[in-house]
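Here is the structure we will look at.
Derivation of every value follows stated rules applied to the coordinates shown; laboratory data play no part. What you see is a predicted model; the values in this text were computed from it and never measured. Positions of Cβ are generated from backbone atoms using ideal geometry, with glycine treated the same way; all protein chains shown enter the neighbour counts.
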Amino acid sequence: MSDGMANSTNNQMELMAVIRGLEMLKQPCLVTLHADSTYVGQGLTQWMAGWKRNGWRRKTSQGKYEELKNADLWRRLDELLQTHRLTFSHVRGHAGHVENERCDELAVEAYQRFRKK
């Protein structure tokens, strides 16, 4: 399964891939997410707890808080993580990981469909 969305970013689509995968699960599951996205990986393992604590805002280098980009997607992912237990496993992109290479192919195909519109 693959899809895309016009006027979106790579980070949005990487988050959507995780969200859609979790939404397809019919019962609570233990999930290991193998992905090459450091954005998703660091968001899940390092940043999300702080964002939640700060009302889904991020702290800037000047110490001020600003709206978190893709907050709607991070909130949805957080909702799904109340049902499913997820572990993140980073894989290097374009390094021969069969499933990761297939996901990349599907992502490029989806991008091409939306790029032509």
Point to revise | Proximal lysine pairs, the chain, alpha carbons under 27 Å, eight or more residues apart or interchain | key: 6
Point to revise | Simple label model, 7 Å out from Cα along Cβ direction - SER61 to LYS26, nm | key: 5.0 nm
Practice item. List the residues whose amide H sits under 5 Å from the amide H of ASP36, counting only those 5 or more places along or on another chain, with H placed 1.01 Å from N in the peptide plane. Key: VAL91
Review point. Along the three principal axes, how long is the chain when you take its alpha carbons, biggest first, rounded to the nearest angstrom?
Key: 40, 35, 28
Practice item. May I ask you to sort CYS103, CYS29 by Cβ crowding, counting other Cβ atoms within 10 Å and putting the fewest first? Key: CYS29, CYS103
Check your understanding: With point charges of +1 on the Cβ of Lys and Arg and -1 on the Cβ of Asp and Glu, referenced to the Cα centre of the stretch 38-82, which listed residue (GLN62, LEU73, THR38) lies farthest in the positive direction of the dipole?
Key -> GLN62
Practice item. Output the peptides 35-47, 88-100 sorted from most to least packed, where packing is the average of other Cβ atoms within 10 Å over each peptide's residues. Key: 35-47, 88-100
Review point. What does the charge count near LEU81 come to, summing +1 for each Lys or Arg and -1 for each Asp or Glu among other residues with Cβ under 14 Å from its Cβ?
Key: +1
Point to revise | Total formal charge among the other residues, if their Cβ is under 11 angstrom from that of ASP36, Lys/Arg +1 and Asp/Glu -1 | key: -3
